[in-house]
Amino acid sequence: MADYIKFVDVTKCDGCRACMVACKNWNDLPAEPEEFTGSIQSHNTLTANTWNVITYDEQVTANGNFEWLFRHKSCHHCGEAFCEKACPETAISHTKFGSVVVDADKCVGCGYCVNNCQFGVIQLATYVDKKGKEYRKAQKCDLCTGRLEEGLRPACVTSCHTNCLVYDDKDKVLAEAEKRLAKIKERFPNANIYNPSGIKGTTTVYLLADKPTVYGLPEDPKVALSQIVWKDYAQPLGKMMLGATTMAVIGAAISTAINKGKGEHEGGQDHE
Amino acid sequence: MDFTRRQFLKLSGAVAATIAVVELGFDDKKARAKSKDFKIAELKPTSTICPYCSVGCGILVYSKDNDVIYSEGDPDHPINEGTLCSKGTTVRQVYTSEKRITKPMYRAPGSNKWKEVDWDWALDKVAQNIKETRDRTFVHKENGVIVNRTDAIAYLGGAALDNEECHLLHKLFRAGLGLTYIEHQARI
């Protein structure tokens, strides 16, 4: 299967917010009305029940005009994901589509992923169980993995009427992105393709109209080495040692029992 | 409970093996998060037209029993080709919203409360009021010219009306009742 990616050309976005509603509609997420804070942006940032939001950044251009920069802010689905590396329960994993998904059954709501995501994407949602006890689960965009499995595009992409959001063959999309970048350079001299190599690329690639920092994105995100060591080496080793210990204990128990058994046959002692 | 030595060994071996697999996490890397049930798998979409603006986008509505499960732009519709705006995307809530009004509501003159009424009563009331108002305010002649109009009633149309509906409404309200204030929602 060819690699597919979601591509966001922010210069085509007209800020209609259909992607936000489509996401809520498909994923059955509750509305989260927020107070007016002086900006037309509907939500301050992503939350556990708002998996994508259009950010509206207004800035003054070189010739004194105002310019409004829209960005469909959502999970980047990093090739090397901060959240996945931070998760102590292995609840976060990559699918064959390159999407990073949270397994709600495994998630214990510790929030390590929330603290580690450099993009501020993943968040904890609070639920109440039948006994009235509160519990938390990490929630974020899953690139509509359920739809991808059925051969459909993500809900946000289907709703987009300006083709700002595209879900298509990676090579094709990236080649078109380069062409588009060359085309818009005159109007947006700082335009760039945001697909950070420090995190082994992302499954949601952006064509930004200005520097990443203008949109509040890290210039060159990178998963800390300590985190990689912890997740990929220390944790499996720890689990292995725990497994080895368990097996040693059980093995010892078995051999003891066997040895005991030998004596018991004749002696008729109590089994214990 | 009596175990033979063989049984005991078998059991212990099985337990150890299970624990080994679980604890060592052999399948950790391959473990895939269970994706949610595909909610529209068994459902047949019904096509409809967006009720909001005059563009008239096509929408597919996925319903189950007495509930709307999902709605999205109709990819086969020539106008929107599967896309929708933020308002059209919310069309599911026209049906599912708790705020939806399902009965005609009446607020009497001077009252600050709405009350539920029957359709028959509401339609009669509208007809009576139109008749009474028109009769009271009808102008036959003005400055020697026959005008046959009333300025006391206004009509407000919607963007989803098509040409033929607009034609019929004009016939009824302008030619039939003599209204001059005929407006359209999109112009206000």
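The values are calculated or read from the model by the stated rules, or taken from the named source; none is laboratory data. Only a predicted model underlies this, so the values are computations on that prediction, with no experimental measurement involved. All Cβ positions, glycine included, derive from the backbone under ideal geometry; neighbour counts span all protein chains shown.
Structure notes:
- One residue from A:Glu219, A:Glu186 being acidic (Asp, Glu) and farther than 28 Å from A:Gly120 by Cα: A:Glu186
- Test: residue in the range B:75-97 that is away from chain A (no Cβ under 13 Å) and of a type in the set (S, T, N, Q): no
- Residue within the range A:166-180 that is crowded, with 17+ Cβ neighbours inside 10 Å, within 14 Å of chain B (Cβ to nearest Cβ) and closer than 30 Å to B:Gly88 by Cβ present: yes
- Any hit, the range B:121-136, residues being hydrophobic (A, V, I, L, M, F, W, C), modelled with pLDDT of 95 or more, outside any helix (DSSP H, G or I) and farther than 12 Å from B:Cys50 by Cβ: no
- Single residue of the range A:18-30 satisfying the filter (more than 9 Å from every other protein chain (Cβ to nearest Cβ) and outside any helix (DSSP H, G or I)) that is surrounded by the most Cβ atoms within 10 Å (Cβ to Cβ): A:Leu29
- Residues within the range A:83-105 that are within 8 Å of another protein chain (Cβ to nearest Cβ) and either closer than 15 Å to A:Gln235 by Cβ or among the polar types (S, T, N, Q) (or both), tallied: 5
- Filter result for the condition that a residue is among the aromatic types (Phe, Trp, Tyr) and either farther than 17 Å from A:His72 by Cα or touching a residue at least 60 places away in the same chain (Cβ under 8 Å) (or both), over A:Tyr206, A:Tyr194: A:Tyr206
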